[in-house]
Amino acid sequence: MIYQEIKDQKQRDYNKLFDTCGVFWAFSDKQWEENKTEKLPDEKYVSIGGGGYLPKHNVEKLMQGTKAIDETFKQQIQEFKAREQHILYELNNYECYYTGDITEALEAMGNDYTTEEVQAVFKKFKAQKYLRETTEADYLPANA
């Protein structure tokens, strides 16, 4: 299993959990009315941030589910030796090669990765990108 497959499975698991827990998103009154899910009588909706809501009785189920999904993701990263792929994905996702700063990628991965580990991957692939760009530039015609 490669990193992209692990990541895709995590997303499918989250989508299923959100459906099960009645999570919906709304950024206007119209969207609220169109997207709200069923709740128990006299129950309130709870905000999960980012415009997301769910019926209050499903909060614990959502919390436990997200914890289980995240734990499975971490286990699969270890099992399939995809740490470097995970780091590289986040470095690219947070445009670290443009900014030269790994901070946001490091924060996104949580406490499972050290600064030194992320920095090593950053440097390894930065060198490869530089070599690839230099090699390609050396062989391009001047008027291309």
> In segment 11-34, what count of residues is obtained for those that are under 15 Å from the mean Cα position of the chain (by Cα) and under 19 Å from Glu60 (Cα atoms)?
Replying inline: 3
> Taking segment 74-88 only, how many residues are assigned to a loop (DSSP other than H, G, I, E, B) and surrounded by fewer than 14 Cβ atoms within 10 Å (Cβ to Cβ)?
Replying inline: 1
> Does segment 33-73 hold any residues that are farther than 30 Å from Asp112 by Cβ, in contact (Cβ under 8 Å) with a residue 12 or more places away in the chain and either acidic (Asp, Glu) or not in a loop (DSSP other than H, G, I, E, B) (or both), and which are they?
Replying inline: Glu38, Glu43, Pro55, Lys56, His57
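Any read-out appearing in this document is the output of simple, stated calculations on the displayed coordinates, not a laboratory observation. Please read all numbers here as calculations on a predicted model, not as lab measurements. So basically every Cβ, Gly included, is an ideal-geometry build from the backbone, and we count neighbours across all protein chains shown.
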